[in-house]
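The values are calculated or read from the model by the stated rules, or taken from the named source; none is laboratory data. Everything quoted here is computed from the prediction, not taken from an experiment. Cβ atoms come from the backbone with ideal geometry, glycine included; neighbour counts cover every protein chain shown. With ligands, DNA and RNA removed, areas are computed over all heavy atoms of the protein, side chains included. Shrake-Rupley method; radii C 1.70, N 1.55, O 1.52, S 1.80 Å.
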There are 4 protein chains.
Amino acid sequence: MTQQIRVAVLGAAGRMGATTCAAVEAAADMELVARVEAGQDVAAAVRGAGAQVAVDFTVPGATEANVHALLDAGVHAVVGATGWTDESRARVAEHAARVNAERERGLGVVIAPNFALSAVLAMRFAAQAARFFESAEVIELHHPNKVDAPSGTARHTAEAIAAARRGAGLGPMPDATETGWEARGADVDGVRVHAVRLRGLVAHEEVLLGNPGEQLLIRQDSFDRVSFMPGVLLAVRQVGSRPGLTVGLEHLLEL
Amino acid sequence: MTQQIRVAVLGAAGRMGATTCAAVEAAADMELVARVEAGQDVAAAVRGAGAQVAVDFTVPGATEANVHALLDAGVHAVVGATGWTDESRARVAEHAARVNAERERGLGVVIAPNFALSAVLAMRFAAQAARFFESAEVIELHHPNKVDAPSGTARHTAEAIAAARRGAGLGPMPDATETGWEARGADVDGVRVHAVRLRGLVAHEEVLLGNPGEQLLIRQDSFDRVSFMPGVLLAVRQVGSRPGLTVGLEHLLEL
Amino acid sequence: MTQQIRVAVLGAAGRMGATTCAAVEAAADMELVARVEAGQDVAAAVRGAGAQVAVDFTVPGATEANVHALLDAGVHAVVGATGWTDESRARVAEHAARVNAERERGLGVVIAPNFALSAVLAMRFAAQAARFFESAEVIELHHPNKVDAPSGTARHTAEAIAAARRGAGLGPMPDATETGWEARGADVDGVRVHAVRLRGLVAHEEVLLGNPGEQLLIRQDSFDRVSFMPGVLLAVRQVGSRPGLTVGLEHLLEL
Amino acid sequence: MTQQIRVAVLGAAGRMGATTCAAVEAAADMELVARVEAGQDVAAAVRGAGAQVAVDFTVPGATEANVHALLDAGVHAVVGATGWTDESRARVAEHAARVNAERERGLGVVIAPNFALSAVLAMRFAAQAARFFESAEVIELHHPNKVDAPSGTARHTAEAIAAARRGAGLGPMPDATETGWEARGADVDGVRVHAVRLRGLVAHEEVLLGNPGEQLLIRQDSFDRVSFMPGVLLAVRQVGSRPGLTVGLEHLLEL
């Protein structure tokens, strides 16, 4: 039998953390060695437990410090907490590079804004397909308690579509609208994004791509936070062989 | 064999008119007796042909005068031309009532903004279902040459949903949006309406209704103008037994 | 303030029963007066608690006896348990009629195979629309642990479509299939029904209706058992004014 | 201005051929130099017109001979006609290799079973995504005049999904079905494929991929044969730089 990966979960008392603990315990190739909660000393906890990989589902105010502590402790990090900026990511990348050089280590950090495989794949496929179609729009649908519109995922998807179109030399999409622009959604980098808020829904995204006589539709549904677990476990398995900082689950999918 | 209905088509040279001529010719219980084009004397043409019912697919500037001429000529009218207002409809209703009273006739006029059965049924079902759901939104999708947004059908659907909610004493829908309102579509009577413009599409509408843990989705697709023909033929068959003005195909469906 | 409805829940320890208890407690116009579990004397429990309405989410082997006991105890019944047959329903109808006649009561029993409003409305709308379309098919989609195919709801929907087509004098649907019938789904009364089994899904149904150039699609999604609660509460509110047996939530919707 | 590509169309009188002629004429970088119809000498026609590329939308009985004639005439071939087998493709590959070696040419032949970009991309994305999901099923939807089920595209998609699952070491999908297998569609290499036949539809395919708590749906709609034209023109532009036989438009997309 192969060696199990020894995993610590930071933010273990939160909803995502608890779900991650359950998923790690259920994985045959992993062992949950530490549940770390707010207020605990992260470095001491992961060292004491002999963790090889730590999954961070804490909060924006804690996650960067946690990752630095993990790097100092020689533990790979998989991060699902939000609140990261270009600056905080750059500090982590620099720290990881320095540690790996000084100590001849191959420590990896994977930060992913979305661990749902369906969401990551939808975004990737939309970007790949975009240059082949005259028109592209994005509809995201969420529960009505969401305070921001459009969703970050929809915004990223639209930006990726826009970049692909620019790369292919495509101009603006056809649109003869003269009246009623308020029904045409938000303009994200030239791509129209529509946000639906409906009781009963969780988190969903549709990308519509159109040419004369044909349509390609890519839709992604997240019904439950367990949908993040296959992506988290995949990152836990791969982070050890990806030294330095990796941002985005798509880089681990070998598409 | 039963008697065939003798049908004239006004605007016979246009796209909808030509499609109607073909549909009437293909219907076993109808006979196409006149193709009337712009510039012809409508009353003379329908009388000369012995038409019982005339279908008007002319233009906004001609259709009201045509209907008055048909009433004077004693011919039932089925109208798919656009451009009607509350005032022009009121004048036709008054004229029909007067003719029917004076001459002891039962002349009927059916004016329908949309003859697609799927569109009419979608609107009707959305209105019927609306009072049972916390949330309701409308997405309409059309080809990118359309100049107005949202579509008239989507606007009517939203208004019917709003009326049903008011009738049931429902308040505003849940919506925690704080930022990004431009992605939330147009507000039609309190119902959010989103307009997608995509090359390859024709005319489509989705109504989404949500409750905790469930969704009802009603979608309608018009791929081709032949989709209007079942509704037109149904109106031709029924207009003779519906004296006076009827607005909307839904009243002929006996739901 | 209006009087609250005093509600007992039978099978209160089960998943549906517990969800119902929570929903009744959250409803401003209801009071949860008894949680009855397997092994308890139903009549004594509901009488002792002064219940006016009892909701039965027990098991096939217990539900009919429960309803008879409730009728004898003078309590209205709302039944979501499965396992009912034409015979057991007939016995309940006869019992309710006798009790109401002898004691000058207006006791009601509502038995519903599906309390999800979206599912009930989807079935109803499909039946109403069916006579206007050449083609109709049903796709049901469920989690892969489901042992039977197609679902009871899909089967009922297909039967309702078939009945509506017969009533309208429609013949068989167009279908030129010569090879590959095994891909064409089950034949339920002349209507093709397809069953998809997919990890991540819960319970979903699509009805597709087609005419030349147009499609009407009615889709229903049940993501969670809380979706049954609006229908259950609606039945609790109405059962007191519907003496005798009512089968199917659709009769309470006043469509 | 860059040189225009000189294009001949074989089967120019057929529906696909005529659509291709119109598309070539509308393309700024191409010139339509020959419309070749049944009975004409293909080699003489293309040589006489000075064609560089020929598009073949003829019939199964003619297309292989046409391609051999084009190779002998030194003209690149883009083939959308059906009826190809492993054997006929092998003969063309061998012929192309021999001509290119003997005459130091770089003649290319592109044979594509489906030129709709949306269909080709849907198949490709389904295959790429398949190894990340527990469940996958395919639904294809067509007009009711289609004689075979399931469609060739759906069959190929299912085979590609099955191959990707095998490659990733995935076992059979979860499926607890005990009764009602006839509703579960055709088994294509372990992947369930469902065929819907509905008046009003043209050619559509949905791939559903499911994990706990999430779904990825890839849908493709072909509303009209003009949808094949972007793919045909792309092949015309690229065939000159792809010596030998290429089977499948996906190889030209540089995904």
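Looking only at the stretch B:139-162, decide whether some residue is out of contact with any Gly (no Cβ under 8 Å at 6 or more places or on another chain), surrounded by fewer than 24 Cβ atoms within 10 Å (Cβ to Cβ) and within 14 Å of chain C (Cβ to nearest Cβ).
Yes.
Report yes if A:Asp187 is farther than 24 Å from B:Glu140 by Cβ and either of a type outside the set (A, V, I, L, M, F, W, C) or out of contact with any Leu (no Cβ under 6 Å at 6 or more places or on another chain) (or both), otherwise no. Walk me through it before giving the result.
Values: farther than 24 Å from B:Glu140 by Cβ: no; either of a type outside the set (A, V, I, L, M, F, W, C) or out of contact with any Leu (no Cβ under 6 Å at 6 or more places or on another chain) (or both): yes.
No; evaluated as a whole, the condition is false for this residue.
Could you grab me the full set of residues in the stretch D:165-199 that are crowded, with 19+ Cβ neighbours inside 10 Å and among the hydrophobic types (A, V, I, L, M, F, W, C)?
The answer is D:Met173, D:Ala183, D:Ala186, D:Val188, D:Val191, D:Val193, D:Ala195, D:Val196, D:Leu198.
Taking the stretch A:5-63 on its own, how many of its residues are over 20 Å from A:Gly240 (Cβ atoms), in contact with a strand residue (DSSP E or B) (Cβ under 7 Å, 6 or more places away or on another chain) and among the charged types (D, E, K, R)?
Qualifying residue count for the region: 1.
Can we say B:Ala203 is within 14 Å of chain C (Cβ to nearest Cβ), within 18 Å of C:Leu209 (Cα to Cα), among the small types (Gly, Ala, Ser) and surrounded by fewer than 24 Cβ atoms within 10 Å (Cβ to Cβ)? Write out each step before concluding.
Numbers: within 14 Å of chain C (Cβ to nearest Cβ): yes; within 18 Å of C:Leu209 (Cα to Cα): yes; among the small types (Gly, Ala, Ser): yes; surrounded by fewer than 24 Cβ atoms within 10 Å (Cβ to Cβ): yes.
Spelling it out, B:Ala203 is indeed within 14 Å of chain C (Cβ to nearest Cβ), within 18 Å of C:Leu209 (Cα to Cα), among the small types (Gly, Ala, Ser) and surrounded by fewer than 24 Cβ atoms within 10 Å (Cβ to Cβ).
Within the stretch D:105-126, is there a residue that is touching a Gly at 6+ places or on another chain (Cβ under 8 Å), assigned to a helix (DSSP H, G or I) and either within 26 Å of D:Gln220 (Cα to Cα) or away from chain A (no Cβ under 14 Å) (or both)?
Yes, the stretch D:105-126 contains a residue that is touching a Gly at 6+ places or on another chain (Cβ under 8 Å), assigned to a helix (DSSP H, G or I) and either within 26 Å of D:Gln220 (Cα to Cα) or away from chain A (no Cβ under 14 Å) (or both).
Going by the conditions given, is B:Ala93 assigned to a helix (DSSP H, G or I), in the same structural domain as B:Gly14 (by TED's automatic domain parsing) and not charged (D, E, K, R)?
When the stated conditions are applied, B:Ala93 passes them.
If you check every pair at least six apart or on different chains, which have Cβ atoms under 6 Å apart with a residue in the stretch C:48-59 that is open to solvent by 30 Å² or more (accessible area, probe 1.4 Å) first and a residue that is at pLDDT 95 or above and of a type in the set (Lys, Arg) second?
C:Gly50/C:Arg6; C:Gln52/C:Arg6
Rundown of residues vs (1) farther than 16 Å from C:Ala26 by Cβ; (2) among the hydrophobic types (A, V, I, L, M, F, W, C), yes/no style:
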site: C:Arg197; (1), (2): yes, no
site: C:Val207; (1), (2): yes, yes
site: C:Gly210; (1), (2): yes, no
site: C:Phe223; (1), (2): yes, yes
site: C:Val226; (1), (2): no, yes
site: C:Pro230; (1), (2): no, no
site: C:Val239; (1), (2): yes, yes
site: C:Arg242; (1), (2): yes, no
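Restricting the stretch D:168-181 to residues that are out of contact with any Lys or Arg (no Cβ under 7 Å at 6 or more places or on another chain) and under 18 Å from D:Asn211 (Cβ atoms), which is nearest to the other protein chains (Cβ to nearest Cβ)?
Here the residue is D:Met173.
Just name the residue that is most open to solvent (accessible area, probe 1.4 Å) out of those in the stretch A:206-239 that are facing another protein chain (nearest Cβ under 7 Å) and of a type in the set (Asp, Glu).
Taking the candidates together, the pick is A:Asp224.
Does C:Leu245 satisfy being farther than 29 Å from D:Arg199 by Cα, open to solvent by less than 10 Å² (accessible area, probe 1.4 Å) and touching a residue at least 60 places away in the same chain (Cβ under 8 Å)?
no
Filter the stretch B:36-47 down to the residues that are within 15 Å of B:Ile5 (Cα to Cα) and open to solvent by 20 Å² or more (accessible area, probe 1.4 Å) and list them by number.
Correct list: B:Arg47 only.
Give all pairs with beta carbons closer than 7 Å in which a residue from the stretch D:78-92 that is open to solvent by 60 Å² or more (accessible area, probe 1.4 Å) meets a residue that is in a helix (DSSP H, G or I); count only pairs at least 6 apart in sequence or on separate chains.
Filtered contacts from the stretch D:78-92: D:Thr82/D:Pro60.
Has the stretch C:22-44 got at least one residue that is in contact (Cβ under 8 Å) with a residue 12 or more places away in the chain and under 22 Å from C:Arg98 (Cβ atoms)?
Checked the stretch C:22-44: at least one residue is in contact (Cβ under 8 Å) with a residue 12 or more places away in the chain and under 22 Å from C:Arg98 (Cβ atoms).
Can you pull out the residues in the stretch A:103-138 that are within 16 Å of A:Ala162 (Cβ to Cβ) and open to solvent by 10 Å² or more (accessible area, probe 1.4 Å)?
A:Met123, A:Arg124, A:Ala127, A:Gln128, A:Arg131, A:Phe132, A:Glu134
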